[in-house]
Amino acid sequence: MSSANQAARKARTLAQIAIPLLFAGIVLPLIGALYLAFFEPQPGADSGTTALIVLVEAVPPLLLAWAMLGLTKVLVEYEAGRYLSLAASAALKRVGQGGLLALLLNVIAIPPLVAVLRGEPVFAALNPNIFDLCVLMFASTTLTVGYVLEDAAKHLKAENDQIV
């Protein structure tokens, strides 16, 4: 087994360990926040609205974590030495698309919705931060690499089909 395949196997193993921890890091605080919303609400706060806000704010991180599951599919292909496979590039594109969707929800859709639920001004809620920029860079790079690898895989397949 080549060193690149071994590196892919190690990365896949780490991803398989880290992704459940990522979900736990999102879901456990979500459960705690829902508990507080329902059983120990802030004075004067509506527990149903507070719980809805907690759930709505959890959607982008959960979507991003779900997209990260696709990385294991990419690494399985790489581990087998199929660096230019259509399956690997498709999985890489799905990771990028999921990341971009999570970013768009986190920056554009969720803040105004939460502001409306809280009765606050909507435009003041639109305030992206540096983490949003990092997610944008990760997702767009992953998506771009996925498209480039897909194009290379299609080109390689077409050349092989011509030979055969």
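Would you check if E79 is among the charged types (D, E, K, R) and under 21 Å from L117 (Cα atoms)? Here the answer is no, as E79 does not meet what is asked.
Among the residues of region 13-55, count how many are in contact (Cβ under 8 Å) with a residue 60 or more places away in the chain and closer than 19 Å to G99 by Cβ.
We begin by selecting, within region 13-55, every residue in contact (Cβ under 8 Å) with a residue 60 or more places away in the chain; these are 15, 49, 52-53.
Right, trim to closer than 19 Å to G99 by Cβ and you get 15.
Qualifying residue count for the region: 1.
V148: under 29 Å from G25 (Cβ atoms) and either assigned to a helix (DSSP H, G or I) or at pLDDT 90 or above (or both), yes or no? In short, no. Can you find even one residue in region 119-130 that is in a helix (DSSP H, G or I), surrounded by 15 or more Cβ atoms within 10 Å (Cβ to Cβ) and modelled with pLDDT under 90? Within region 119-130 (the criterion being in a helix (DSSP H, G or I), surrounded by 15 or more Cβ atoms within 10 Å (Cβ to Cβ) and modelled with pLDDT under 90), the answer is yes, since at least one residue qualifies. Across region 115-132, the number of residues qualifying as more than 18 Å from V54 (Cα to Cα) and free of Cβ contacts under 8 Å to residues at least 12 places away in the same chain comes to 6. E79 satisfies every condition listed in (1) touching a helix residue (DSSP H, G or I) at 6+ places or on another chain (Cβ under 7 Å); (2) surrounded by fewer than 19 Cβ atoms within 10 Å (Cβ to Cβ); (3) not β-branched (V, I, T) except (2). Do we find a residue being touching a helix residue (DSSP H, G or I) at 6+ places or on another chain (Cβ under 6 Å), aliphatic (A, V, I, L, M) and more than 17 Å from P61 (Cα to Cα) anywhere in region 98-108? The answer is no, given that none of the residues of region 98-108 is touching a helix residue (DSSP H, G or I) at 6+ places or on another chain (Cβ under 6 Å), aliphatic (A, V, I, L, M) and more than 17 Å from P61 (Cα to Cα).
When T49, T72 are screened for being in contact with a helix residue (DSSP H, G or I) (Cβ under 8 Å, 6 or more places away or on another chain), closer than 19 Å to A139 by Cα and among the polar types (S, T, N, Q), only T72 passes.
Screening V59 on (1) under 25 Å from V135 (Cβ atoms); (2) surrounded by fewer than 17 Cβ atoms within 10 Å (Cβ to Cβ); (3) in contact (Cβ under 8 Å) with a residue 60 or more places away in the chain; (4) among the β-branched types (V, I, T) shows it passes everything except condition (3).
Yes/no per residue for (1) closer than 17 Å to L22 by Cα; (2) of a type in the set (V, I, T); (3) out of contact with any Gly (no Cβ under 9 Å at 6 or more places or on another chain):
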| residue | (1), (2), (3) |
| --- | --- |
| V59 | yes, yes, yes |
| G98 | yes, no, no |
| N106 | no, no, yes |
| F123 | no, no, yes |
| N129 | no, no, yes |
| V135 | yes, yes, no |
| T141 | no, yes, no |
| V148 | no, yes, yes |
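Taken over region 1-12, the criterion of being in contact (Cβ under 8 Å) with a residue 40 or more places away in the chain and surrounded by 11 or more Cβ atoms within 10 Å (Cβ to Cβ) is satisfied by A4, N5, A8, R9, A11, R12.
The values are calculated or read from the model by the stated rules, or taken from the named source; none is laboratory data. Since we're looking at a predicted model, the values are computed, not measured. Using ideal geometry, Cβ is built from the backbone for each residue, glycine included, and neighbour counts are taken over all protein chains shown.
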